[in-house]
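The values are calculated or read from the model by the stated rules, or taken from the named source; none is laboratory data. Everything numeric here is computed off the predicted structure, so don't read it as measured data. Note: ideal-geometry Cβ built from the backbone for every residue, glycine included; neighbour counts use all protein chains shown.
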């Protein structure tokens, strides 16, 4: 019987009289003290005196010996006779009767069964729902019932008491109070400007200090994909952090060159990018340690040169998880350690802020707009009676005194943290330019009357300058040409276009319409211009935008017309529904359009998923968001952006960068999450990963993989060396040399023992050439001519260079099957390859099921815990005679050593305990790596997986494979025993 | 209601030497009953006795026993009870017989009956007392059970009428 059952029974039998008999001598003496006041007699032991013959031993079922029913027949019955009284008296007999009566009375009056109060009521007086509504009970029972009810409520739901809502719903929903509440709620996690829009439609997740939409609540996986490939998908990327660097061009480049390496592709100094015409992307490393310690990928954008000065402005856009590492790194390379404290500004109304239309060199001098809003908010928190709460624009979680600007006295570089200062929307899809063209309209100029008088707004001032208006006209022309382009992917990747546009709310359609490309036949001149645009991109001077100016940004943010005001103006229009005829002067916004490249690598589906990024000054997020949504775009969240990069064949930031700090963190989080999910199932319903031969289903031990492959290649190299020594002497000394260097390198590499991800362009190109013939379906012949053939010496030199590195690969399945997260990438044996060539319908080999060596240990441990007092030494002794491993690779000796330590650590059923055995040789096929993202690819029509494999392992495998099957690997899901053939692609 | 039904016999053990009553335990009585049933009704009776038979309560001071018998065959088993002449316990043979006082469908009715019976017995004892000391003790006993009853208001309406009758 379980303890709960025992308790139940005890409760039930509490009032029932137990047998009254003389159990055993010592207990009989105790019996008197357990009387519980039922009987009036309180006396000593049984032998006290003649009057006190049998101090009532009734109710032996009390605290001391629970088993009121004394079982077990004692043999030495004589001893009882001695203890027992020789005779009885009438008084004693009477007392015994009385005691019995009272015991019976108790039993009769107290009903058994349920412990509820209304058990005390006779049946005919019980009413329905008495337990729910205690007022149905008679008064005398109400108190007890209430107490019981409270108790059960507390026990049932351990949730904290709901806080008293002191305000009525109406009061809470009032605008000012609602804003205060919102401001309170975004103190911990930053809200994007579109947060409320998203929160109504999306599953929100708290990630990286932001509240972000993960996926819509409605089903839209395929529609989103369709939007990406045929129309347009919109995403709010405002959570990306912008860091602004200002300074002399050469000094900036000198500082930044420490963070990157030319070997990994174009750097900050790439000619196209530095002119400001293109956006560039680069993987940033810690200063000076190029192959090691990467921080992550960033995109950057230079401001076009202003003639006559070498002062440049650079925006670096980074993922929020990179920012915390990147910012100190940038500060150290630029020697910017002087934090410029944000000036304490008196609260000024936005209209009073004097606009400075001329491009300013030192934006940090101007008071920050955020400052004013923040101080306002603070004041509002203090006295609620003041003016209504101000909406937080920008970073609400940062305290107002945190410095956001750092400058260096030696180099003159200024670093400005522009997090949440600029709104960034991403439009993905071939029709994103038509969506933009339909939504945005180049700003209309202002008439003469407005021009003459000085204004606090930026646009009238801007209009006064003839050259600026000319530039604006040119930009507007280019924007018009953009409409005629057939697909977004036709533009050169990374093109930048600066523009000033009208408030898009003014042209908001009354109904949602799908933006379609205009099919009108263009004139000759337009055709010419369009070709120019497609080939050369936007000319340099047109990339200029006033969005770069802090003062203009602030001015625009502060002078935004509120929705309410706009609606009021609309209601006063003579013809309802018509456009506001003189566009209000406040409604001009400087923006930047940045083209996002689509699929650049590989041969099929090129430029898939290209699109535009729309950069806006803060505060204008919703003003642009709703008009965009009204153009029939689909909205996606984080989930879709992952799929986007997967289909595009680009690594997605935190997931596909296991060597970056953010990637490592993500992997840990993912492991904890998956393990938690796994543990929530009952053990019998869990996947037994041990039997599946899956050592690490929830994480990828990259470090161990790299180390093991390093070991394997070294052994292989030694063997080969011996061979070559016997055969050719010419070859041997080179190998010898390599051997020497490799050993030296190993000695050097050992202490740090860090794996790296291969990002060296040259090595990647070489590796990619070796992997062919493999475009994912293998239809096209290899066209890379200049690749060195894969032979022994080339392989050796390559491997010794890249011993501890992993390489990011794309795998596409040859037949059916859907790869999953953390699937294993394995090397096919020669028999497998033969099978592949023999039968076309063959889907792949099977892994024989493994034995669970930990089962017996688990059982023993369970038993041990039940006994609780068994000697631990015994279990340890037994632990050493484990059933011997079926595979020769399993190091039993290591297991023995482990067993003692493991007896203390917890074994989880179905998972390998922590010190993993050899990863590479655990299964029947040698493991090369794991998959980090995998799904059925809608664009390729087959299962596709992105993952990492060990470079050394891959090169060895490729070398050993016959030419026609080169680049074919096996893929196995952690929950399955079935291997599937997959082709490997490394695309540069 | 749907349940396994049984009969409860409230019996009194009558012994010649009351002090030997204290030696009794429930196990011994169960054995004696089983032996008697086996003797009178053979294997069939013994088999009936094996399921659903138990000694629910025994008071060694007063010699009250609750026997539980399956309802299906309680008459048969009951018929064997008069053949018990002695109970073997703790190495001693106590000559006794069982006097059935009440047959109830639930333990509760037996308990109720026992309360009434005991009270009645006490009242009968009072006039037969030989000396003052005894009388005092018996009186106290009666008072004590009425006192407990006084605390239990719930019981008053059930038992009050009968007790009052007897006291007069």
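Going through the stretch B:33-52 one residue at a time, which ones are modelled with pLDDT of 90 or more, over 18 Å from residue B:101 (Cβ atoms) and out of contact with any helix residue (DSSP H, G or I) (no Cβ under 6 Å at 6 or more places or on another chain)?
Correct list: B:35, B:39, B:41, B:42, B:43, B:44, B:47.
Restricting to the stretch A:462-518, name every residue that is under 21 Å from residue A:305 (Cα atoms) and within 37 Å of the chain's Cα centre (by Cα).
Of the residues in the stretch A:462-518, the ones under 21 Å from residue A:305 (Cα atoms) are A:462, A:465-476, A:478, A:492-500.
Across the stretch A:462-518, the qualifying residues are A:492, A:493, A:494, A:495, A:496, A:497, A:498, A:499, A:500.
Restricting attention to the stretch A:680-700, and to residues there that are surrounded by fewer than 16 Cβ atoms within 10 Å (Cβ to Cβ) and touching a residue at least 60 places away in the same chain (Cβ under 8 Å), which single residue is nearest to residue A:978 (Cα to Cα)? I'd like the intermediate steps shown before the answer.
Filtering the stretch A:680-700 for residues surrounded by fewer than 16 Cβ atoms within 10 Å (Cβ to Cβ) gives A:680-686, A:691.
Add one more test, that the residue is touching a residue at least 60 places away in the same chain (Cβ under 8 Å), and what stays is A:683, A:686, A:691.
Numbers: A:683: 23, A:686: 19, A:691: 13 Å.
Across the stretch A:680-700, the extreme among qualifying residues is A:691.
For the stretch A:458-476, enumerate the residues that are under 14 Å from residue A:539 (Cα atoms) and touching a residue at least 40 places away in the same chain (Cβ under 8 Å).
Matches in the stretch A:458-476: A:471, A:474, A:475.
Quick one: how many residues across the stretch B:93-115 are over 17 Å from residue B:14 (Cβ atoms), within 11 Å of another protein chain (Cβ to nearest Cβ) and in contact (Cβ under 8 Å) with a residue 24 or more places away in the chain? Please lay out each step first, then the result.
First pass over the stretch B:93-115, keeping only residues over 17 Å from residue B:14 (Cβ atoms): B:103-113, B:115.
Right, trim to within 11 Å of another protein chain (Cβ to nearest Cβ) and you get B:106-113, B:115.
Subset that is in contact (Cβ under 8 Å) with a residue 24 or more places away in the chain: B:106-107, B:109-110, B:112-113, B:115.
Matching residues across the stretch B:93-115 total 7.
Considering only the stretch B:57-98, state which residues are in contact with a helix residue (DSSP H, G or I) (Cβ under 6 Å, 6 or more places away or on another chain), in a loop (DSSP other than H, G, I, E, B) and more than 17 Å from residue B:34 (Cβ to Cβ).
B:60, B:61, B:62, B:63, B:90
Residue B:105 - would you say it is surrounded by fewer than 21 Cβ atoms within 10 Å (Cβ to Cβ) and within 17 Å of residue B:29 (Cα to Cα)? Can you show your working first?
Working: surrounded by fewer than 21 Cβ atoms within 10 Å (Cβ to Cβ): yes; within 17 Å of residue B:29 (Cα to Cα): no.
No, not satisfied.
If a residue must be within 14 Å of another protein chain (Cβ to nearest Cβ) and either closer than 20 Å to residue B:5 by Cα or surrounded by fewer than 20 Cβ atoms within 10 Å (Cβ to Cβ) (or both), how many such residues does the stretch B:39-71 contain?
Total meeting the criteria: 8.
Residues being touching a helix residue (DSSP H, G or I) at 6+ places or on another chain (Cβ under 6 Å) and surrounded by fewer than 16 Cβ atoms within 10 Å (Cβ to Cβ): count how many of those fall in the stretch A:298-313.
Number of matching residues: 1.
Which number in (1) out of contact with any helix residue (DSSP H, G or I) (no Cβ under 6 Å at 6 or more places or on another chain); (2) more than 11 Å from chain A (Cβ to nearest Cβ) marks the one condition that residue B:139 misses?
Tallying (1) out of contact with any helix residue (DSSP H, G or I) (no Cβ under 6 Å at 6 or more places or on another chain); (2) more than 11 Å from chain A (Cβ to nearest Cβ), residue B:139 fails exactly one: (2).
Scan (1) without any contact (Cβ under 8 Å) to a residue 40 or more places away in the chain; (2) more than 23 Å from residue A:658 (Cα to Cα); (3) in contact with a strand residue (DSSP E or B) (Cβ under 7 Å, 6 or more places away or on another chain) for the single condition residue A:269 breaks and write down its number.
Of the numbered conditions (1) without any contact (Cβ under 8 Å) to a residue 40 or more places away in the chain; (2) more than 23 Å from residue A:658 (Cα to Cα); (3) in contact with a strand residue (DSSP E or B) (Cβ under 7 Å, 6 or more places away or on another chain), the odd one out for residue A:269 is (3).
Based on what the data block shows, is residue A:784 part of a helix (DSSP H, G or I) and modelled with pLDDT under 80? First the steps, then the outcome.
Numbers: part of a helix (DSSP H, G or I): no; modelled with pLDDT under 80: yes.
Judged against the criteria, residue A:784 is not a match.
Pairs under 6 Å by beta carbon, first residue within 7 Å of another protein chain (Cβ to nearest Cβ) and over 19 Å from residue B:60 (Cβ atoms) in the stretch A:96-117, partner at pLDDT below 65 and part of a helix (DSSP H, G or I), six or more apart or different chains?
A:105/B:148; A:109/B:154; A:109/B:155
Quick grid of which residues meet (1) touching a strand residue (DSSP E or B) at 6+ places or on another chain (Cβ under 7 Å); (2) within 14 Å of chain A (Cβ to nearest Cβ):
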{"position": "B:73", "(1), (2)": "no, no"}
{"position": "B:87", "(1), (2)": "yes, yes"}
{"position": "B:126", "(1), (2)": "no, yes"}
{"position": "B:134", "(1), (2)": "no, yes"}
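Here's the yes/no breakdown for (1) at pLDDT 85 or above; (2) farther than 19 Å from residue A:234 by Cβ; (3) touching a helix residue (DSSP H, G or I) at 6+ places or on another chain (Cβ under 8 Å):
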{"site": "A:481", "(1), (2), (3)": "no, yes, yes"}
{"site": "A:489", "(1), (2), (3)": "no, no, no"}
{"site": "A:500", "(1), (2), (3)": "yes, yes, yes"}
{"site": "A:504", "(1), (2), (3)": "yes, no, yes"}
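From B:22, B:10, grab the single residue that is assigned to a helix (DSSP H, G or I) and within 14 Å of chain A (Cβ to nearest Cβ). Show your work before the answer.
Values: B:10 fails: assigned to a helix (DSSP H, G or I).
Answer to the check: B:22.
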